[in-house]
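The values are calculated or read from the model by the stated rules, or taken from the named source; none is laboratory data. Just so it is clear, the structure is predicted and the values come from calculations on it, not from any experiment. Cβ placement follows ideal geometry from the backbone for every residue including glycine, while neighbour counts extend to all protein chains displayed. Accessible surface is based on the protein model in full, side chains and every heavy atom, while ligands, DNA and RNA are left aside. Shrake-Rupley method; radii C 1.70, N 1.55, O 1.52, S 1.80 Å.
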Amino acid sequence: MSPAEVRIGGLLPGEEAVFELTIHNHYDAAHTFVLSTSHPWERRPGRADFPDDSWISFSPQEIEVAANSQGTVKVTVAIPSKQKWADRDWEVWLGVTPEEKEFLVVNCYVRLLVSTGKEAQAGPNTGLIVGIVIGVLLLSYVVYYSRRKAKSKHQP
Amino acid sequence: MKTGIISILGAILLVLTPSLPASASDSGTITITMTGVETIISISLDKASWALGEVTEDAEYKTDPEATWCTITNEGNVNVDLGVQGEHAVFSTLTWFLSEDGTNDGVGSVPEYAMWYHIASDSEGSYTSITLTETSMKKGGESITLDVAAQKQFGLKLLTPDSFPAEYIGKEMTTHITISAVKA
């Protein structure tokens with residue numbers, strides 16, 4: 001599997017990052033591989049455990065790779081839009097195992113190191129919406145005031 | 001008329017002003033670093049199965065050879081740390097629980113078995129428990145790192161449950177041991 005390690009930096013809460021993993025099948029027969037997240041038995045210094053595996057998705061989750069060939073899986077990391085997830089350093093592992101298991105099973109992990117940015121991404125742009133509402137109200141008032149003034153000028 | 005134009009400009013300014021800070025927060029950059037895109041993590045095992053045949057209660061079984069039964073080879077291009085994890089043994093709805101502490105006296109009415117590994121060239125008779133929790137493989141208490149193209153050999157030991165309830169007699173229990181690799 002490659003790469004062996006992926007670092008994502010500056011990911012703001014509310015944003016997502018997408019990257020690809022390549023799965024190499026060195027066997028002489030086609031195999032289906034299953035992807036999953038796993039919690040490290042040892043983490044890089046300064047890294048905390050990833051809070052929620054549901055923030056990571058694989059497309060596809062299972063992939064059939066032909067003999068002596070390779071396949072690609074898209075990985076999406078989406079951080080919820082909450083300020084409490086800002087400015088964090090996490091580690092989680094992405095594992096690939098063959099679907100058909102014998103007694104001894106090989107499992108390879110990619111180290112995924114995720115660092116979030118300091119500021120949470122605004123959801124809907126509330127500032128813009130409030131600004132537009134105020135602007136429209138002011139504009140309506142100006143039009144109304146001008147027409148009223150013009151009307152009173154024309155009246156004898 | 002002048003007042004009207006000034007008011008319209010004021011309104012436009014009001015529209016734009018609150019949106020400025022939000023636009024600034026959108027400019028954060030996400031950096032994705034694929035540490036050495038060409039790094040490949042890959043290990044192989046030269047054994048896949050361990051057929052024990054018929055086993056008896058409360059008995060120990062070791063692989064043959066005891067310490068060099070299976071060879072792990074680092075076939076990738078980065079040094080790797082190794083991990084190991086076991087599972088419960090099952091046959092249809094029947095289960096042998098995998099012991100967490102090396103005992104085999106059962107969990108309630110469910111039989112319990114234990115599994116260990118021994119790394120070649122570790123002190124003789126030194127076995128480490130394999131449990132449901134994935135842990136780093138150790139030799140002499142130290143985690144094992146396998147350099148590129150390097151090999152490490154190990155053997156296994158199994159302790160069967162201290163007793164088999166009647167419904168377990170003649171059943172073929174199956175389990176898995178997972179050997180993991182992650183960039184060191």
(request) With a probe of 1.4 Å, find how much accessible area chain A has per residue, and write the answer as a whole number in Å². (result) 53 Å²
(message) Given contacts defined as C-alpha pairs under 8 Å and at least six residues apart, what's the relative contact order of segment B:41-184, whole-number percent?
(response) 38 percent
(request) Compute the semi-axes of the equivalent ellipsoid of chain A, taking the square root of 5 times each eigenvalue of the Cα gyration tensor, and list them largest first in whole Å. (result) 56, 19, 10
(message) If packing is taken as the average count of other Cβ atoms within 10 Å, what order do A:136-143, B:79-86 fall into, highest mean first?
(response) B:79-86, A:136-143
(message) Can you tell me, using C-alpha contacts under 8 Å and at least 6 residues apart, the relative contact order of chain A as a whole percent?
(response) 32 percent
(request) Per residue of B:42-48, count partner chain C-beta atoms within 10 Å of its C-beta, then hand back the mean as an integer. (result) 4
(request) Compute for chains B and A the buried accessible surface, both sides summed, probe 1.4 Å, and express it in Å² to the nearest 100. (result) 4100 Å²
(request) Calculate what fraction, in whole %, of the accessible area of segment A:5-139 sits on carbon and sulfur atoms when a 1.4 Å probe is rolled over the protein chains. (result) 51 percent
(request) Pairs of Cα atoms under 8 Å, at least six residues apart: use those to get the relative contact order of segment B:83-150, whole percent. (result) 31 percent
(request) Springs between alpha-carbon atoms under 10 Å, Gaussian network over chain A: tell me which of A:TYR144, A:TYR109, A:TYR27 tops the mean-square fluctuations. (result) A:TYR144
(request) Name the residue, out of A:ALA86, A:ALA78, A:ALA67, whose mean-square fluctuation peaks in a Gaussian network model built on chain A with Cα pairs under 10 Å. (result) A:ALA67
(request) Find, to one decimal place in angstroms, the Kirkwood hydrodynamic radius of the protein assembly as shown, where the mean of 1/r is taken over every pair of different Cα atoms and then inverted. (result) 24.3 Å
(message) Which residue fluctuates most in the GNM of chain A (Cα springs below 10 Å): A:LYS101, A:LYS74, A:LYS84?
(response) A:LYS101
(request) Kindly flag which residue pairs out of A:LYS74/B:LYS152; B:LYS62/B:LYS152; A:LYS82/B:LYS183; B:LYS138/B:LYS183 have an alpha-carbon separation exceeding 28 Å in this structure. (result) A:LYS74/B:LYS152; A:LYS82/B:LYS183
(message) A drop of at least 10 square angstrom in accessible area, chain alone versus all protein chains together, probe 1.4 Å. Which residues of segment B:164-184 meet that?
(response) B:THR175, B:HIS176, B:ILE177, B:THR178, B:ILE179, B:SER180, B:ALA181, B:VAL182, B:LYS183, B:ALA184
(message) How far apart, in nanometres, would the label points at B:LEU52 and B:THR33 be if each is projected 7 angstrom from Cα along the Cα-to-Cβ direction?
(response) 4.7 nm
(request) Please give the calculated 222 nm ellipticity per residue for chain A, where each DSSP H segment of at least 4 residues contributes -39500 (n - 2.57) and the sum is spread over every residue; nearest 500 deg cm²/dmol? (result) -6500 deg cm²/dmol
(request) Assuming R0 = 41 Å, can you tell me the calculated FRET efficiency for the pair A:ALA67 and B:GLN153, based on Cβ-Cβ distance, to the nearest 0.05? (result) 0.90
(request) Keeping the other protein chains in place, figure out the carbon and sulfur percent of the accessible area of segment B:23-181, with a 1.4 Å probe. (result) 48 percent
